[in-house]
Structures are given as C-alpha cells and as structure tokens.
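*Asks:* What follows is a single structure, and I will ask about it in a moment.
The values are calculated or read from the model by the stated rules, or taken from the named source; none is laboratory data. Treat the numbers as computed from the prediction; the structure is a model and nothing was measured. Positions of Cβ are generated from backbone atoms using ideal geometry, with glycine treated the same way; all protein chains shown enter the neighbour counts.
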Amino acid sequence: MHQSMGVHARAFFIAMCVELGLYAVYLLWGLSGGRDVLPMLGRIALIFIGIRALLVAANFVQTWLARSPAAPQHRLNLFTAARLFCNELYAAIRTYPFYFALEAWLVPNAPPADLPHRGPPIVLVPGFLCNRGYYGAFRRFLRQHGYGNVWAVTLQPVFGSIDDNAHALDRHIEQICAATGADKVVVIGHSMGGVVIRAYLDKFGGARRVARAISLGSPFGGTVLAKGPSGLGENLRQMSLGSDWLKELSAFEDQPCPVPFTAIWSPHDSIVAPQLGSRVSDAYGQSIALPGVGHMEMVVSRPVMREVLAVLDNSCG
C-alpha cells in the first residue's frame, strides 16, 4: 500500500494552488497599486469563505426540502440551527481544499508501527469524491485514545460502481491483514464509504475479514442530492432515491448483519436526505441518532468521535 498522492488528491492540490494563486495575484496587484493590505485580505477571506458558505447553504436548502419528519427531541431552535450551519461551514473550509489536497501528508496509508493499540486494526473508508485526507482529525483522535493501528484508504475508481469500490476495499483489507498479521479489521465508513462497507459485507463475503462495522451518515436509502448529472458517476446513480441497486442492498436488512453493525446518523444531515435513510433496520444492526450534526462535520465532530470511541471501547476492551 503506497503512500503517494493519488489522482484525486492531485486534482484537489492543483485546484488549491490555482485558488490560492489567484488570491496571491490579486493581492500583489493591489499592493503594486498602493492599496491598503488589510481591506484586500478581508475581501480575499470573504470570497474564500463565501464560496463555501454558498455551497453549504445550497446543500442545506435541498436536504431541508426533502427532510425526514423530525422527532420532537430532535428539533432545533435558532441558536442550534446557526451552530449547525457554522460547524458544517467550518468543516467545509477545512476539507476544501486542504484535507483533500494534502492527503499524503495528513493521513499516510500506513500508521507508525510502534503506536499503542487495542483490538483489530481499524480501516477508515471515505465517501463519494473524498479521499483519506478527510480523516485527518478523526485518525488523530483515535490515536490519542489508544487506537494507533489506524489505516485509511482512498477508493478507486472515483466514479465507478459501488460494487467496484467494494472490491477495491477488499483488496485494501487483504493487504492490511497481510501487513499486520491480523485475521480481521474494524471498518468505519463515512457517507458512501458506509454503503461500500455494506456491499462488501452483504454481497461479497467481507464478514470473513471484519470484526465490526460502523457507518457515519451513509445514504442506505439514497439521497436527493444524488440526482446530479448522469455522467458524474455510476456510484452516484446507485445512491439516488429508489435506485434498483439500493433496493437490492436493503433486502439484506431482513436479517442480522454478518458482523456487529452500528449506523451513526444525524436528523440534520446536510447531504443525505431523507435523513432516516441513514439508519439500518433493528434486525440488521444498531442505529444511533446524533442531532445537530451536519454531513461533512461528522468526521471532525467531537460528539461523533466520542460515540465511535464508545463503540470501539465496548467491543475492543
């Protein structure tokens, strides 16, 4: 498992350099004309944050229109709604462009060999259009709490089918087991990463290599935002509401998952809507609701991290 920058990260790295380069050109142009630097820096910050705020707001509007009915205990007031938006915006600022562009430096594939660890190796699986750099804060949190044998993968092909991604996950896990000598791993998947894990377990016999699985905001029932351009990817089409692929996957929920499965979801998910589609059936596994958490925020959210830690502690001792 090499640690070089993948195609996905290179694309985000180039985009980051272009965006920051444009800001630098604007700043140099202004300075050469004798303009004050502070107002120019303020405009740059406004543009940088504003672009991401518009994207986050657009996601919230679309998922609010397609939202699931909210339980009384999950309803937000003005303050908690504003906090939800700000936390999601902060996650977007950290992610685009930095986490994705700097994956090779922030989250190398293989962890240091001398870190303390409990239980099987942990494998972090990112979602659609994401790479392992997304898990920088998450991996650091686990390491601080005694889980140092944490691996992260970037699934290929980026726009292939979820079944192809599940086969890629299988190859990664086999390599991790060979490298560590472990028989099984714990898998944690955010967004589409959780759907890939479900496919790996339910359709391709992945239980032979998995001790426990955890999903974070995964669209098992599909999402309204997956109605994007038809050429954007087969995996996106498979996550559209009512897709035949998801119907096939949901049939497995009539019986228990082959391994202990925990689905952590948010009633206020800003990308997966209807939000109840991130749960699993009681027969299949356990579902834990964390209100007031946005979709991108999940992998940097302390409440989410603590919930994952509790699941790991209960199963790994």
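*Asks:* Residue pairs, Cβ under 7 Å, 6 or more apart or interchain, first in the stretch 127-148 and farther than 29 Å from residue 226 by Cβ and of a type in the set (Ser, Thr, Tyr), second at pLDDT below 95 and surrounded by fewer than 23 Cβ atoms within 10 Å (Cβ to Cβ). List them.
*Replies:* As it stands, the answer is 147/117; 147/118, since those pairs meet every condition given.
*Asks:* I'd like to know if the stretch 16-33 contains one or more residues that are in contact (Cβ under 8 Å) with a residue 24 or more places away in the chain, closer than 28 Å to residue 226 by Cα and surrounded by 14 or more Cβ atoms within 10 Å (Cβ to Cβ).
*Replies:* yes
*Asks:* I need the full set of residues from the stretch 284-317 which are acidic (Asp, Glu) and either in a loop (DSSP other than H, G, I, E, B) or touching a helix residue (DSSP H, G or I) at 6+ places or on another chain (Cβ under 7 Å) (or both), in order please.
*Replies:* 297
*Asks:* Give the residue, chosen from 237, 198, that is out of contact with any Asp or Glu (no Cβ under 6 Å at 6 or more places or on another chain), modelled with pLDDT under 95, basic (Lys, Arg) and within 15 Å of residue 128 (Cβ to Cβ).
*Replies:* Values: 198 fails: modelled with pLDDT under 95.
From the options 237, 198, the qualifying one is 237.
*Asks:* I'd like the residue in the stretch 284-317 that is polar (S, T, N, Q) and more than 18 Å from residue 56 (Cβ to Cβ) and, out of all such residues, is surrounded by the fewest Cβ atoms within 10 Å (Cβ to Cβ). Don't jump to the end; show me each part of the working.
*Replies:* Our first condition is that a residue be polar (S, T, N, Q); within the stretch 284-317, this holds for 286-287, 301, 314-315.
When the remaining residues are screened for being more than 18 Å from residue 56 (Cβ to Cβ), the result is 286-287, 314-315.
On the way: 286: 15, 287: 17, 314: 11, 315: 16.
For the stretch 284-317, the residue satisfying everything is 314.
*Asks:* From 80, 95, which residue is among the β-branched types (Val, Ile, Thr) and surrounded by 19 or more Cβ atoms within 10 Å (Cβ to Cβ)?
*Replies:* 95
*Asks:* Could you tell me whether any residue of the stretch 141-161 is touching a Lys or Arg at 6+ places or on another chain (Cβ under 9 Å), outside any helix (DSSP H, G or I), under 21 Å from residue 308 (Cα atoms) and of a type in the set (Ser, Thr, Tyr)?
*Replies:* yes
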